[in-house]
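Encoded as structure tokens, the structure appears first; notes follow it.
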Amino acid sequence: MNRLKAAPGRFIIFATLFFIAIFVVENINHRFWLNDFRVYYSAAQAMINGTKVYDTLFALGSGYYKYSPFTSLLILPFIFFSYPVAAVLQFIFLCFSIIAVFIVASHILNRYVFNGKPENENLFLSLAFFCVVNHLVRELHLGNINMLLLFLLCLSLLFMLNKKTILAGIMLAVVIITKPFFVLLFFPLLMHREFKTIFSSSVSLLLFVVNPAILTGFPKNIELHRDWIRTMLEHNASFPSNNTIENLVRVYVDPGLPGNFQYAVMLLACIGYFMFYYRSKKLIKGKTEQSKLRVSNFVLEWFAWIAAMPLIFKTDTQHFLLSLPLILFLLRRITMAKKYAWTICFIILMCIYGANSSDLLGKVLSLKMDKSGILGLSNIIIIVWTLVTYVKLCKERPDVPSPWFETQSVVAR
């Protein structure tokens, strides 16, 4: 794989100082809990001790373990430390993952979509950081792994773009075994004929399902997977998510929709994807740089599917961090276009997307925004705006080799 360009040092320093400040404030306020991580840590201990992994309340709130038996194996290195030490290590690990997501996602967009870096990459990434900072604070407070999974998905895409399909499949399989709804990413893989990645991912998934048997034995492993599947189904049925498309339709259109409407949403998402795929494919037909445009299509489709997951499935608000690559795309396009109307609309959208905090708005207003599904609506706008902008760019793309926005092309390197 070609090496990434020189890392944006000032952005890394800025983000690191921010994370240090969060760490200090959390400890001063005695709120350095990382309750989600406590659940992972306790489940891994239960796996080793042979005690009950599922249906056990490991932490306050929804503190039940809902991930796969294999995922708990990934946490095993942490249990050799006391929980306070393990929590600090997890915090550092998450901070690294967050910085890495910004750098890798931006690199993919720069190289395969925009054909060049922004003028001031450090400032650009810092602005994007502010767009999602509220969600990042909550992610770190809980010790959740959404940004880690997004990092793995970005790496999987980067490996595919560099023809390293085995590594790409393994990365994707780790994400799917942790949160199975990401299996929907097989759709863009199928459409773009990434069959080797699908095969690698499928084999890896099979191995991940079998691996816990080395520790627990096969009968116990089968029992654990049955408990996991049941726990996932119960969680999906009972989790109160206000930001899914299903709930938004219930709130704004018809509260009496049947319980299986979520499957209709999944079907509509697939139909919408196929329409976009064939539309963008038609637009690039006959273009001189058709092969490069197919790659940029794949990149946007991959990131759009990832961003759509919390709209289709019931999840907590931190999952909307999965829209970060699309936010990077929009921010880059807006800074290049230099249109004040677009800039104002983007600022308003980011306020709706990322500013719902009880500390900023008060509990009453924050709760009203949450119940109205404002975050879900803003995420729909982010996805639609991105795809519409991209289709427009495909229409405007000239039939002669030239980058979209920059004079320097890095794709051909």
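Observations on the structure shown:
Here is a yes/no grid of residues against (1) assigned to a loop (DSSP other than H, G, I, E, B); (2) buried (at least 17 other Cβ atoms within 10 Å of the Cβ):
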| position | (1), (2) |
| --- | --- |
| ALA7 | yes, no |
| PHE11 | no, yes |
| ILE20 | no, no |
| VAL39 | no, yes |
| VAL53 | yes, yes |
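- Filtered residues of the range 333-349 (kept if of a type outside the set (Val, Ile, Thr) and at pLDDT below 95): ARG333, MET336, ALA337, LYS338, LYS339, TYR340, ALA341, TRP342
- First in the range 118-142 and in contact (Cβ under 8 Å) with a residue 12 or more places away in the chain, second anywhere and assigned to a helix (DSSP H, G or I) and among the acidic types (Asp, Glu), Cβ under 6 Å, 6 or more apart: LEU142/ASP36
- All told, ASN122 meets the bar of being closer than 27 Å to ALA337 by Cβ and surrounded by fewer than 20 Cβ atoms within 10 Å (Cβ to Cβ).
- In the set (1) aromatic (Phe, Trp, Tyr); (2) over 20 Å from PRO325 (Cβ atoms); (3) touching a residue at least 60 places away in the same chain (Cβ under 8 Å), the condition left unmet by PHE187 is number (2).
- Checklist (1) surrounded by 17 or more Cβ atoms within 10 Å (Cβ to Cβ); (2) modelled with pLDDT under 95 applied to GLU26, failing item: (2)
- Residue match in the range 299-318 (condition: among the charged types (D, E, K, R), in contact with a Phe, Trp or Tyr (Cβ under 8 Å, 6 or more places away or on another chain) and within 21 Å of LYS392 (Cα to Cα)): yes
- Among the residues of the range 234-245, those identified as under 12 Å from THR315 (Cβ atoms) and not in a loop (DSSP other than H, G, I, E, B) are HIS235, ASN236.
- Condition broken by VAL384, with the remaining ones in (1) modelled with pLDDT under 80; (2) surrounded by fewer than 17 Cβ atoms within 10 Å (Cβ to Cβ) satisfied: (1)
- Selection status of PHE114, surrounded by 17 or more Cβ atoms within 10 Å (Cβ to Cβ), hydrophobic (A, V, I, L, M, F, W, C), out of contact with any Cys (no Cβ under 6 Å at 6 or more places or on another chain) and not in a helix (DSSP H, G or I): yes
- Contacts under 9 angstrom Cβ, first residue in the range 283-300 being farther than 15 Å from ASN115 by Cβ, partner part of a loop (DSSP other than H, G, I, E, B) and at pLDDT 90 or above, 6 or more apart: PHE298/HIS192; PHE298/GLU194
- Some residue of the range 314-325 being under 25 Å from GLY61 (Cβ atoms), basic (Lys, Arg) and under 19 Å from the mean Cα position of the chain (by Cα): yes
- Of the residues making up the range 265-293, those that are loosely packed, with under 15 Cβ neighbours inside 10 Å and either over 19 Å from VAL384 (Cα atoms) or among the charged types (D, E, K, R) (or both) are ARG279, LYS282, LYS285, GLY286, THR288, GLN290, SER291.
The values are calculated or read from the model by the stated rules, or taken from the named source; none is laboratory data. A quick note: this is a predicted structure, and the numbers were derived from the prediction, not measured. Glycine also receives a Cβ, built like all others from the backbone with ideal geometry; neighbour counts cover every protein chain displayed.
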